[in-house]
Every structure is written in C-alpha cells, then in structure tokens.
Amino acid sequence: MIKDGVFYPQSKNFDWDYYLHKHTPMLHKLMSPALKKVDIEKGIAGGAPGTAATYQTVCNLHFESVEAFQAAFAPHAAEIMGDIANYTDAQPVVQIGEVKM
C-alpha cells in the first residue's frame, strides 16, 4: 500500500467547503476503483506550544502501488491539478510513501 501525500502550506485562501464537497468527490470519481481511501487533515497546531501548523491541509490518497496511482492519476492530471485554483492559492507539495504500518 502507498500513500500519495498532498501537503498544502498555510494560506489565507483555502475554501474548505469546495475542497471537501467538490474537489474530493471529483478525486473519488476520477480515480476509483484504484483509489482505496482518502484521509484529510486540517492543521491546527505546530509541534511546540503556541506554534502554527506547518501545513493547512494534508490529504493522503491510498493506492495499492505507485503504478496503480500513476495509472489512475495520469489520464486526469490536468483536470485535477487545474481544480486547485478553485479552492486555494497555495502550491501543494507532493510525496509518495510506502505504508509500513
């Protein structure tokens, strides 16, 4: 199992309603059945008391393999990436990781 982690830095412009009710359902629609699970986190604090979270939002998309992710994402990449401007001006950072536990 792998996770495609999408990390959104802090931004004054993040439309949670759009992200949760339009963008995320679009991901499910376009990348299913390869997309196994989605976890969305809202950053609320940093590691030290009184500090801000590094990331406003972290979205983890779960797939069986890197190849499964690439096959599901590639045909829809332009549509998915193009939709980002509809909910934020932040530039996401992406990391693919292997789930070990």
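Where a number appears in this text, it was derived from the coordinates with a stated rule and is not lab data. Please read all numbers here as calculations on a predicted model, not as lab measurements.
Descriptive notes on the structure:
- Over the chain - Rg/Rh using Cα atoms and the Kirkwood inverse-distance radius: 0.98
- For the options Lys22, Lys12, Lys36, a Gaussian network treatment of the chain with springs between C-alpha atoms closer than 10 Å singles out Lys12 as fluctuating the most.
- Where Cα atoms sit under 26 Å apart: lysine pairs in the chain separated by 8 or more or lying on different chains: 16
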